[in-house]
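The values are calculated or read from the model by the stated rules, or taken from the named source; none is laboratory data. This one's a predicted model, so the numbers in the text were calculated from it and none came from an experiment. Methodologically, a virtual Cβ is constructed for each residue, glycine included, from the backbone with ideal geometry; neighbour enumeration extends over all protein chains shown.
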Amino acid sequence: MLEMEAAPPVIADYAIVERAIEFISSRRRDQPSIDEAAKNAGLSLRRLEQVLERWARLTTTAFLQAISVEHVRELLRNSAAALEEAHPVGLSGPARPRDLFAIHETLTLRDRRSDGLVLRYGFHPSPFGEAVVVAAPQGLAGLGFVDDDREAALGDMRRRWPRARFLADADGTGAYARRAFDPKLWRLDAPLRLAMIGSDFDVLVWETLLRAPVGSATTYSDIARKIGKPTAARAVGAAVGRNPISFVVPCHRALGRSGALTGYYWGLARKQAMIAWEAGRVAEVVEWVGAAMGKNISSAPC
DNA sequence: AGGGCCCATCGCA
DNA sequence: TGCGATGGGCCCT
């Protein structure tokens, strides 16, 4: 049963951004201008400017840059380094704001089959449309997006863990949604707990993905090399595609070596949107997480 | 160096 | 949503 509430502003903003991305990338060779994109989305240039500012602190030119092939190529130039920069929380060394800001725990084998597992779910606004959030007792287990109807998005989550019981509990999942999408809440001293439900290989790939900093990108072959299976790039790609915790486990930061965005389970426009959003928000992330890191690390022995 | 133009941005109504 | 002030960048003299 869907209530027909008015879409929150952030969801309306994403609908506009997505439309702009689709318009611009479908007509890339014509070099469409930003106000053509605005007109196509049915609003004035000034409005689109304001939407982009609200959505990701992006100006129109910064937005065009963030969704350009040049930007992706630039990200890929540092793809191998992306996985190396990060180190686990708590190690000594210079404070690096782009380090991990999430921890996770892996469920047991029994839980992995999800027999008797109780999963709570809710729908919440996000910068990438309405999100479906699935929480296990141990932590955040699933995050996906609603395109047309909520039942489809929820059905997708149900199919991932067919033997689990699903309970509607938006109050229980709301905190996860807020944490996942608000950089101000990405705190090292209060990490987001993730419940990864998958095969050992899947979980290893997802853990590796977590090391890619905000606003960076990596490649399937870099991940394969990182986990010591340099020939397993395709298997890595498949595991990345099975990632149930979209955005938080940043599968949108996994790109093809060639500079192709490759696929994205929740839609290519959404992957581009996430890349653009991070380009706009990365300074803010560095500021907030960096401040938190400073406090944490200064007391640690070097 | 100076002048003039273009254009993105942003405050304002 | 549209207007206009602002200011940076750029070319030409």
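The table below gives the values:
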| quantity | calculated |
| --- | --- |
| Residue tally, condition over 18 Å from A:Asp148 (Cα atoms) and not aliphatic (A, V, I, L, M), over region A:9-39 | 13 |
| Residues of region A:65-124 that turn out to be surrounded by fewer than 18 Cβ atoms within 10 Å (Cβ to Cβ), modelled with pLDDT under 85 and in a helix (DSSP H, G or I), as a count | 6 |
| Residue within region A:190-209 that is among the aromatic types (Phe, Trp, Tyr) and touching a Phe, Trp or Tyr at 6+ places or on another chain (Cβ under 7 Å) present | no |
| Top-ranked residue in region A:43-64 [being part of a helix (DSSP H, G or I) and β-branched (Val, Ile, Thr); ranked as nearest to DNA strand C (Cβ to nearest atom)] | A:Val51 |
